[in-house]
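The values are calculated or read from the model by the stated rules, or taken from the named source; none is laboratory data. Model, not experiment: these values are computed from the prediction. Note that each Cβ is placed from the backbone with ideal geometry, even for glycine, and that neighbours are counted across all protein chains shown. Ligands, DNA and RNA are excluded from the accessible area calculation, which covers all protein heavy atoms including side chains. Shrake-Rupley method; radii C 1.70, N 1.55, O 1.52, S 1.80 Å.
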Amino acid sequence: MVKIDLRSDTVTKPTTGMLEAIMTARIGDDVFGEDESVSELEHKLAALFNMEAGLFCPSGTMTNQIAIKCFTQPMDEVICDQTAHVYRYEGGGIAYHSLASVRLLNGPRGILTAEMIEREINEENIHYPNSSLVVLENTVNKGGGACYTLKDIEPIHQLSKARGLKLHLDGARIFNALVATGDQAYDYGSYFDGISVCLSKGLGAPVGSVLLGSKEMIQKAKKIRKVFGGGMRQAGFLAAAGIYALDHHVNRLSLDHAHAKVLGGVLSKTKYVSGVMPVETNIVLFDIHESFSTAGIISELNKRGILCNATGPKTIRFVTHLDVSAEMIEQTADILKNLIP
Ligand SMILES: *Cc1c(COP(=O)(O)O)cnc(C)c1O
């Protein structure tokens, strides 16, 4: 039985075209600054987002944690939503690497506004940690792939600038947000001090994330990456996959979004689902009706070849991606309709 893997958009395997790009990559020792593919990838993304420089890292956790370390001093405070990946899923890295505390907000579906943030910025006072950084996530993973538009971000940018805080974007799925909103990557550069972009999520590359920022910030980031153990040698094989993904796998994200909408529509009509979060991108979060067991539903889906994860006691997540075809979506829709007779 062919498995339909809806657990995450990280499970994609390189396509034939991507493998070819990997095989023919121009490589060198990137710790010596000699890997042409890594440099090309860093320049390409920096230019795309109108940022001065980029830094290729092994993971999005590393790009985020390096950015936080660049933008804070020990005893500072980071402001983010309580669902934020940087807080929940990076192993307490903010405390460990940066010796900073975190101020958590509770935005609807993880989306923050300038008003919410302004209330949480500390005044100068010896009792208070120094608020120095705001982190936004776009799309919001725990918000079911909810998007900020640049219009939403503009007042947050203005506030951060006026109050002397840095603004970092966890853009693990920024290309999903760009495709869904129609906003331009180029315009993001003037709003953020740091941007993390994942290549290994919806873009379908096997490994890697790129941190974008000013020349000065990226210089500092490079040193921190080395200390974190993230200086890689012939990383051009991975960077070549990233370049290929940027050239071939961005526009097709709209297909993943359409697929997610189909699944959301089908789920909302079943009796075992009590609610589906509005589907904006490639993530479908849905709640299981109280008279059904979440583990039971997942196990029934597994038996029929559909893999997925629970993200809460009553919540299941589907993520669509490059390796889920239109035919698989049709098959999944049929299975979902007939799951409970
Ligand atoms: C996946 C993800 C990351 C980075 O995860 P890695 O597995 O470390 O690459 C960061 N932020 C969000 C919102 C993510 O979904």
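Just so you know, in the range 99-118 the residues that are of a type outside the set (V, I, T), assigned to a helix (DSSP H, G or I) and more than 16 Å from the ligand (Cβ to nearest atom) include one that is surrounded by the most Cβ atoms within 10 Å (Cβ to Cβ), and it is A114. Among residues of the range 1-21 that are touching a residue at least 12 places away in the same chain (Cβ under 8 Å) and closer than 14 Å to L203 by Cα, those with a Cβ under 9 angstrom from a residue that is open to solvent by 40 Å² or more (accessible area, probe 1.4 Å) and within 16 Å of the ligand (Cβ to nearest atom), sequence gap 6+ or separate chain, pair up as S8/N309; T12/P206; K13/P206; P14/P206; M18/P206.
On the basis of being touching a Lys or Arg at 6+ places or on another chain (Cβ under 7 Å), away from the ligand (no atom under 16 Å from the Cβ) and in the same structural domain as Y191 (by TED's automatic domain parsing), does C57 make the cut? Write out each step before concluding.
On the way: touching a Lys or Arg at 6+ places or on another chain (Cβ under 7 Å): yes; away from the ligand (no atom under 16 Å from the Cβ): no; in the same structural domain as Y191 (by TED's automatic domain parsing): yes.
No: the conditions fail for C57.
I'd like the full set of residues that are touching a strand residue (DSSP E or B) at 6+ places or on another chain (Cβ under 8 Å), open to solvent by less than 10 Å² (accessible area, probe 1.4 Å) and not in a strand (DSSP E or B), limited to the range 203-224. The answer is G208, A221. For beta carbons closer than 7 Å, sequence separation of 6+ or different chains, a first residue in the range 86-98 that is assigned by TED's automatic domain parsing to the domain that holds I68 and more than 9 Å from the ligand (Cβ to nearest atom) and a second that is among the β-branched types (V, I, T) and open to solvent by less than 20 Å² (accessible area, probe 1.4 Å), the qualifying pairs are Y87/I94; I94/I68; I94/V78; I94/V86; S98/I68; S98/T72.
Can you report the number of residues in the range 172-193 which are within 13 Å of the ligand (Cβ to nearest atom) and in contact with a Gly (Cβ under 9 Å, 6 or more places away or on another chain)?
Summing the residues that are within 13 Å of the ligand (Cβ to nearest atom) and in contact with a Gly (Cβ under 9 Å, 6 or more places away or on another chain) in the range 172-193 gives 5.
Within the range 293-324, if we keep just the residues that are part of a loop (DSSP other than H, G, I, E, B) and open to solvent by 50 Å² or more (accessible area, probe 1.4 Å), the residue that is farthest from T15 (Cα to Cα) turns out to be S293.
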